[in-house]
Amino acid sequence: MASQSCQRGPENAHMHPKGPCCSALCFFSEGSRVAEWPDGLLSLLLLLWCLLPSAGGLELEMAGTTQIVFLHEDVTIPCKILGSPHLDLSIVGVIWSLKKDGDESEVHVFKFYGDHLEVVRPGASVSLLGLEHGDASLYLPRFELWEAGEYQCKVVVTPEKKEGTTRLEVVAHPNMSLSEKPATARDGKEKLIICQLDGFYPEALDIKWMGCALKDSHFQEITEGVVTGPTVKNDDGTFSVTSSLALKPALEDHMYQCVAWHRSWLMPQSLNVTVFENTRDATHGIVPPTAEAGPPVSEPRSTMIYVTIIGLCILLFSVIVCGLWKWKRLATSNTGLCLRLDVRCVRCLPSFRNT
């Protein structure tokens, strides 16, 4: 009979002698089957709703209209009952539900009423200790793309009820890398600098190229030779895109910069690469390139300097060795002479004493 009275339209609800009771049951049964609830629990909620006096207006504090969350991170959706230092959980009910993007149907995520606890979404939880102090916030571990949408917190503290909504939008940071094909500028051919961004969400992303001569150090946007491919959807629902810059031979060394902007970043991010046209060497910014730099080009003048330095070192070493050898030989000959003189003096001593 209770479920039938709840199914009456608004025009008949106020005529029912237990209109507030019907309102409570309709609130908890919205989007679910009342028949699945235990009969004893329904009777208890109905009795509490009808007999307890009104406690005034029930107010909820939510996170706001929109909450940005990051892919694969843990999320807490705030829902707090204002002015509730301590609640009796036997008269408290909480239901969290979700309306996904593009789908008007409501899916339950978490339910708690009386002594009944039902977790629909794996890992979803509301701290019962926190609920005693008015905190009905929902915890969701490892948030996925398909879980974005409007979350509704429905709370009953008999005989009051209240609901609030927060929309969750998920974002994912791009993985940004910069690479360079083998340098061939000195051969009169073009070379490519490739900027790749992968694993980002949502799809919208902006890429531009900047460049400057090292002597100037003033960056300017480059449009010539830039090719940005179409955005590709990955298997996990994220996106990837590749942009390349073709470089023509130049007489000066340049620094090039791939600048990208995405909603998951507070400000644009960039990677740098410095191209030395004469030596084919390149030094890179945040992420080193995958292309290997060619061997340095040796100049004849540099080679002569190296040979001269090595020759001087060998000559100096030879002079030192020769000097040490001569000094050692001289010291040895002086020691022998002294010994011979000492022997003669010793032989002369007896004859001197006899005289």
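The values are calculated or read from the model by the stated rules, or taken from the named source; none is laboratory data. What you see is a predicted model, and the numbers here were worked out from it, not measured in a lab. Glycine also receives a Cβ, built like all others from the backbone with ideal geometry; neighbour counts cover every protein chain displayed. When the accessible area is computed, the model is the full protein with side chains, heavy atoms only, and any ligands, DNA or RNA have been set aside. Shrake-Rupley method; radii C 1.70, N 1.55, O 1.52, S 1.80 Å.
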Highest mean packing first, using Cβ neighbours within 10 angstrom, the peptides 149-158, 245-254, 221-230 sort as 149-158, 245-254, 221-230
The answer for residue 59, listing residues at least 5 apart or on another chain whose modeled amide H is closer than 5 Å to its amide H, is 82
Ordering 210-218, 191-199 by per-residue average of other C-beta atoms within 10 angstrom, highest first, gives 191-199, 210-218
On a full-extension model of 0.36 nm per residue, what is the gain between residue 235 and residue 146, subtracting their alpha-carbon distance, rounded to one decimal in nm? 30.7 nm
Computed from every Cα-Cα pair in segment 82-165, P(r) in 5 Å bins starting at 0 and rounded to whole percents is 3, 14, 26, 26, 16, 10, 5, 1
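Counting other Cβ atoms within 10 Å, keep those with at most 11, restrict to DSSP loop, and tell me which GluC sites (Glu not before Pro) in segment 73-123 are left.
Passing both the DSSP loop test and the Cβ count: 104.
Give me the mean projected area, in nm² to one decimal, of the convex hull enclosing the Cα positions of segment 185-276.
Directional mean of the projected Cα hull area for segment 185-276 stands at 6.6 nm².
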At 1.4 Å probe radius, can you tell me the per residue accessible area of segment 71-134 in Å²? 49
If the viscosity is 1.002 mPa s and the temperature 20 °C, what Stokes-Einstein diffusion coefficient in µm²/s follows for segment 57-199 when Rh is the Kirkwood radius over Cα pairs? 122
What are the ³J(HN,Hα) values, in whole Hz, obtained from phi via the Karplus relation 6.51 cos²θ - 1.76 cosθ + 1.60 with θ = phi - 60°, for each residue of segment 259-267 in sequence order, with x given for Gly and Pro? 10, 10, 10, 9, 4, 6, 9, 6, 8
In whole Hz, the Karplus estimates of ³J(HN,Hα) for segment 228-244 (6.51, -1.76, 1.60; θ = phi - 60°; x where Gly or Pro) are 10, x, x, 6, 10, 8, 7, 5, 8, x, 7, 10, 9, 8, 10, 10, 10
So, counting K/R as plus one and D/E as minus one, what does the shell of residues with Cβ under 13 Å around residue 162 add up to? -1
In whole percent, and with a 1.4 Å probe on the protein chains, what portion of the accessible area of segment 137-216 is carbon and sulfur? 46
All Cα pairs of segment 127-258, percent lying beyond 24 Å: 54
Starting from the amide H of residue 114, placed 1.01 Å from N in the peptide plane, find each other amide H under 5 Å away whose residue is 5 or more places distant or on another chain. 92
